[in-house]
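See structure below.
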Amino acid sequence: MRENKYRNCYCGEINNDFIGKDVKISGWIENIRDHGGVIFLDIRDEKGVVQVVSNDDTMFNGLTRESTICLTGNVRKREEEDFNARLKSGEVEVVAKKIEVLGKARNVLPFEVMTSKEVNEEIRLKYRYLDLRNKKVHDNIIFRSEVIKFLRQEMESMNFTEIQTPILTASSPEGARDFVVPSRLFHGKFYALPQAPQIFKQLLMVSGFDKYFQVAPCFRDEDARADRVYGEFYQLDLEMAFAEEEDVYLVGEKIFKDVFSKFSNKKVSQTPFRRIPYREAMLKYGSDKPDLRIPLEIIDLSDIFKNTEFKPFRGVTVRGIKVDDLASKSNSWFNELVDFAKSIGMPGIGYITVQDDMSFKGPIDKFLTEEDKKLLIERSDLKIGSVLFFIADRNEEQASKQAGQIRLELGKRLDMQDPNVYEFCIINDFPMFEYDVEEKHYIFTHNPFSMPQGGMDSLLNKEPNQVLAYQYDFVCNGIELVSGAVRNHDIEIMKKAFEIAGYDEETLKDKFKSLYTAFQYGAPPHAGMAIGIDRMLMLLNDEASIRETIAFPMTASGQDMLMGSPTEITEQQLREVHIKVR
RNA sequence: GGUCCCGUGGUGUAGCGGUUAUCACGUCUGCCUGUCACGCAGAAGAUCGCGAGUUCAAUUCUCGUCGGGACCGCCA
């Protein structure tokens, strides 16, 4: 490091090589231990902590913890019994000669830096700069920087070009709620912040850029979740010209395999990752983002109960989840699961346990014929000690989703989510359209820009709900990390797809003017995806909250505790953008 | 918009229809020459989120409200 008036080395890097030398260090006072006659300071900078010692207790009068200081002193070896193995600099200490306070901490600290992670998040965020001095919190942000640096290297190694797209852009009619920015120059008009660089990256493909990527900020005005921040988040956005689905899979697999192997010691799925069609995922796992660490699969039993005496199961969708060696669980264990089922809107959950003589026990048993039992044993591979849970609903989708929630809950309660494994899969073949009961017409299930499988033929000849899209998600341990698709670059197919979703050509032309026009001038087939960077970091860090990966996150309710945003603005500012607040 | 959970010194917490509101950390004062989340002795610091109701009495129970969080809706 260059010596300047503040320092000639880092605290955390002082070691045996420095013995006998004078050092000048700057940093924060992490702790003061005054023994009367001898006094110790722990000085911290980003590289670590070093102990300073002095026999002159007047020297440090009035010092407060977390003040910044500049200190000169001489490094000496500690007595061997005084080594501190927890510090990198723990075999030496700095004998203080001169100290200067650079920035005094005047107030009582709102919380202890070293234990800030235990503090209420609202207060941590209000004093985020103090929270970020905590090594664990700080390291997450450094880690983020390293991962993003590595991602850029990966993209470069695959010959992707990084291109910035606009932040002030146009509101998009599909998708999430936009953040809007009023225009001063155009009365009554608004910019919007991009939900994703989707249109621009497709236009880049039309422009002849072969492989594009961007570490892209994305803005969505939708409520937060534990794995979804409010407001703004970052994606590694990429797109490739003249590419097929499989080309994108290979890029995604390489990125995840490399990043997760480099930045974690956990076991990562072998490539190629398992590819699971959407319909299979919904049937087997009751989710389009299955946690494959849980070895349970959902089984369809609807046909067995088609004509059953048990009315709640008759003629509806019935799904089963079998768990072996569970019959010995206590009544209260099962009751808790029933309570969980009720909490997700199920009337309860039926189950049978398999006795030592292969007979069944449980409230539903008496409704089962011998034939039913035989079929259940075969279909679900029931053994002595197995328990078979039933999920039934008139609505197939509802039954699937509830079965998925029960599967996940069983996985949690039975400790099936191995914490040392990253289990990846690719969910593909999403349906292009779904019927909207309220709107009474088909709508795009996911992404209006995806290419329908089978192209125009499918759109013309299939029921819309039978049309699949070249659309895919990468999922890891039950968390969706990627969404992507082969895009629809054919204007005729696009017109037809939008027509099915209830848009006439004029609307398409109007709402997606840029793409509509650009595609008239020779568009390459293209495909791409976007990786949720914050989510990926959350998985790599084992953090339960996505906000731990971000330097200055908003609260879940969308406030910035540091800046106080959102704030009111002045009358003058409002006038300039032609806005009147009611 | 809905459901559930939480709100007690600066921080994290205990607690209960009647307490001098518990403990730890931090802060301040004093003592201490080898600690390292030092130790010891003492002190200050709380309108128990806010409002209303029930009650002789509410931090405690009820309702409302505000704030926070998790989940559902939403997130092409």
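If I filter the stretch A:41-63 for residues that are within 13 Å of RNA strand B (Cβ to nearest atom), touching a Leu at 6+ places or on another chain (Cβ under 6 Å) and in a strand (DSSP E or B), do I get at least one hit? It would help to see each step written out before you state the result.
Within the stretch A:41-63, the subset within 13 Å of RNA strand B (Cβ to nearest atom) is A:41-44, A:48-58, A:60-63.
In the following step, the residues that additionally are touching a Leu at 6+ places or on another chain (Cβ under 6 Å) were identified as A:49, A:52.
Now drop any that are not in a strand (DSSP E or B), which leaves A:49, A:52.
The answer is yes; a qualifying residue exists.
For A:Met282, work out the one condition from (1) over 16 Å from A:Val482 (Cα atoms); (2) assigned by TED's automatic domain parsing to the domain that holds A:Asp473; (3) out of contact with any strand residue (DSSP E or B) (no Cβ under 8 Å at 6 or more places or on another chain); (4) not basic (Lys, Arg) it doesn't fulfil.
(2)
Would you please name the residue that is farthest from A:Ser343 (Cα to Cα), looking only at residues in the stretch A:362-400 that are modelled with pLDDT of 90 or more and among the basic types (Lys, Arg)?
That would be A:Lys374.
Within the stretch A:175-189, identify whether any single residue is touching a Pro at 6+ places or on another chain (Cβ under 8 Å) and either within 13 Å of RNA strand B (Cβ to nearest atom) or within 23 Å of A:Ala224 (Cα to Cα) (or both), and answer yes or no.
Taking every residue of the stretch A:175-189 in turn, none turns out to be touching a Pro at 6+ places or on another chain (Cβ under 8 Å) and either within 13 Å of RNA strand B (Cβ to nearest atom) or within 23 Å of A:Ala224 (Cα to Cα) (or both).
Pairs needed: first member in the stretch A:49-63, in the same structural domain as A:Leu87 (by TED's automatic domain parsing); second member anywhere, in a loop (DSSP other than H, G, I, E, B) and more than 10 Å from RNA strand B (Cβ to nearest atom); C-beta distance under 6 Å; at least 6 residues apart or different chains.
Listed pairs, sorted by first residue: A:Val50/A:Ile14.
Can you tell me which residues in the stretch A:75-108 are in a loop (DSSP other than H, G, I, E, B), under 42 Å from the mean Cα position of the chain (by Cα) and of a type outside the set (S, T, N, Q)?
Scanning the stretch A:75-108 gives A:Phe83, A:Ala85, A:Arg86, A:Leu87, A:Lys88, A:Gly90, A:Glu91, A:Lys104, A:Ala105, A:Arg106, A:Val108.
Would you mind stating whether A:Leu296 is farther than 30 Å from A:Tyr422 by Cα and at pLDDT 90 or above?
no
Mind telling me which of the residues A:Leu87, A:Leu109 ends up being in contact with a Lys or Arg (Cβ under 9 Å, 6 or more places away or on another chain) and within 11 Å of RNA strand B (Cβ to nearest atom)?
Details: A:Leu87 fails: in contact with a Lys or Arg (Cβ under 9 Å, 6 or more places away or on another chain).
That would be A:Leu109, the only listed residue that is in contact with a Lys or Arg (Cβ under 9 Å, 6 or more places away or on another chain) and within 11 Å of RNA strand B (Cβ to nearest atom).
Surrounded by fewer than 21 Cβ atoms within 10 Å (Cβ to Cβ) and without any contact (Cβ under 8 Å) to a residue 60 or more places away in the chain: does that describe A:Gln573?
Values: surrounded by fewer than 21 Cβ atoms within 10 Å (Cβ to Cβ): yes; without any contact (Cβ under 8 Å) to a residue 60 or more places away in the chain: yes.
The answer is yes for A:Gln573.
Could you say whether any residue in the stretch A:200-212 is under 28 Å from A:Ser565 (Cα atoms), buried (at least 18 other Cβ atoms within 10 Å of the Cβ) and either hydrophobic (A, V, I, L, M, F, W, C) or at pLDDT 95 or above (or both)?
Looking through the stretch A:200-212, none of the residues is under 28 Å from A:Ser565 (Cα atoms), buried (at least 18 other Cβ atoms within 10 Å of the Cβ) and either hydrophobic (A, V, I, L, M, F, W, C) or at pLDDT 95 or above (or both).
The values are calculated or read from the model by the stated rules, or taken from the named source; none is laboratory data. Please read these numbers as outputs of a predicted model, since none were measured by experiment. Neighbour counts are summed over all protein chains in view; Cβ atoms, including those assigned to glycine, are modelled from backbone coordinates with ideal geometry.
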